[in-house]
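Just so it is clear, none of the values below were taken in a lab; they were calculated from the coordinates. Here the structure is a predicted model, which means the values were calculated and not measured. Note that each Cβ is placed from the backbone with ideal geometry, even for glycine, and that neighbours are counted across all protein chains shown.
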Amino acid sequence: MEKGRQSDEGELRRVYEDTPLALVLFKTEGGNNHPWLISRGFCDLLGYDRESIMQALERGPREVPAETGKPRSVHVIIQGKKRQFLAQSQVLKVNGQDYLIVDYVEGETNEANLRIEALVSRLENLPGQIYKGSLWDAVYRSSDIGVFWKDKQRRFLGVNQRFLDYYGLKLGDVLGKTDEDMGWNEQNEAFKKAEEEVLRGQPTSSWGATIAKGRSQTIVAYKAPLYSEEQIVGLVGFFIDVSEQQDKIDELEKEALRDSLTTLRNRWALEHDFNQQFRNKEIIAMIIDIDLFKQINDNYGHRFGDETLKTVSQAIRDVYGDSCCYRYGGDEFLVICPYIPESEVQRRDQVIRQDLLQSNILGTIVDLHLSGGYTWGRPENLQEFWKLVNTADKFLYRSKENGRNQLNGGPFFDKK
């Protein structure tokens with residue numbers, strides 16, 4: 001045997017020979033299947049040593065399920081006693097050699113079970129029926145669900161075709177490896193901790209990003225412990241791609257942070273943005289409202305008022321940028337931006353005012369006027385941030401008291 005082949009088969013033995021799962025590996029040569037490796041779990045299940053089972057399999061018929069078939073009953077005759085199981089198989093190709101992995105998934109089938117199987121076999125073709133073995137078969141062969149099972153060291157012992165297709169891999173690429181070996185999870189530590197919880201007996205679900213065929217995809221994975229004689233021997237799980245749903249959630253979150261009329265960010269976005277952008281940074285806080293907006297609504301109607309809000313919001317956004325502008329409520333707008341000198345604040349204010357003169361609102365030419373207040377500071381937490389905004393609001397009221405159509409501001413005087 002070639003050295004490479006010896007190394008590959010040595011690796012297969014390392015992964016499969018001591019597993020507590022009931023597995024038999026057959027070599028497929030010339031259209032025939034020859035027993036090659038028997039797991040410890042299958043020996044424990046039959047109650048015989050490997051040599052006795054190997055001799056029985058070599059003497060008996062090559063009764064193993066085809067890799068394209070559903071799980072079905074097969075039998076093993078050892079020392080004259082017939083033992084019947086429900087089994088399924090999967091082909092593993094290593095350096096041109098095919099290995100048929102037979103997984104005795106259902107355990108021993110007694111006479112009562114055989115009679116039940118004979119009954120349900122007549123019901124297989126009835127629409128909507130779930131019969132013995134079909135549920136696992138349906139999940140295992142699903143085109144939407146990636147199924148996998150692992151040993152106690154979190155090494156892959158098997159996966160279904162959907163799993164392989166999703167990642168663009170072959171079975172030999174995965175067997176005996178952990179998620180960390182594969183390097184496909186963007187949150188490796190989170191998935192690892194989840195599996196460690198499962199191996200302590202706690203089923204889990206994990207939501208995260210994985211790299212499949214070079215692209216970042218979002219999956220949700222469900223995992224549960226595998227038991228043998230009341231001992232945890234590994235885990236079984238499945239995952240579903242939820243990238244489309246995650247995109248919709250992200251879009252809904254974005255929409256929730258936007259005012260539907262002006263499309264500016266709303267006040268609910270402020271706390272999010274403070275933590276992401278403004279904390280411990282020197283910023284300007286400015287509140288602006290439209291002078292005599294109630295009269296505009298009363299004189300021209302609410303549709304005209306809505307268009308006025310859109311016009312003003314766009315004028316402010318043109319000067320300060322979308323990421324700095326918020327609809328604060330009613331006809332009030334809030335600007336939060338990196339610190340700029342007062343002279344620059346006043347210059348930008350004049351640009352906005354000039355832009356709003358002779359505004360065309362639904363075919364009517366009107367002059368729109370604004371009152372505003374501003375301050376600056378370096379808020380360390382949300383409480384200080386809202387005090388900063390409150391100070392800007394006080395300067396806004398000073399502008400109104402002084403006759404409107406102006407901007408007033410000064411240092412943050414409310415900080416303790």
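Using the Cβ-Cβ distance between K281 and Q314 with R0 set to 30 Å, the FRET efficiency works out to roughly 0.70. Phi angles across the range 310-322 convert, under the Karplus curve 6.51 cos²θ - 1.76 cosθ + 1.60 with θ = phi - 60°, into 3J(HN,Hα) values of 5, 5, 5, 4, 5, 5, 5, 5, 4, 8, 9, x, 4 Hz, Gly and Pro given as x. Of the trypsin sites (Lys or Arg not before Pro) in the range 157-220, the ones in a loop by DSSP (not H, G, I, E or B) with at most 14 other beta carbons within 10 Å are K170, R200, K213.
The HN-Hα couplings worked out from phi for the range 368-382 by the Karplus form 6.51 cos²θ - 1.76 cosθ + 1.60 (θ = phi - 60°) are 9, 10, 10, 10, x, x, 9, 8, 8, x, 10, x, 8, 8, 5 Hz, whole numbers, x standing for Gly and Pro. Label reach from E230 (point 7 Å along Cα→C-beta): in the range 177-213, amide nitrogens under 20 Å belong to 199-203. Can you flag which of K193/K213; K213/K281; K82/K150; K82/K223 are past 32 Å Cα-Cα? Violating the 32 Å limit, Cα to Cα: K213/K281; K82/K223.
Over all distinct Cα pairs, what is the inverse of the mean 1/r for the range 223-367, reported as the Kirkwood hydrodynamic radius in Å?
That comes to 18.6 Å for the range 223-367.
For D291, the residues 5 or more places off, or on other chains, whose built amide H falls under 5 Å of its own are H369, L370, S371.
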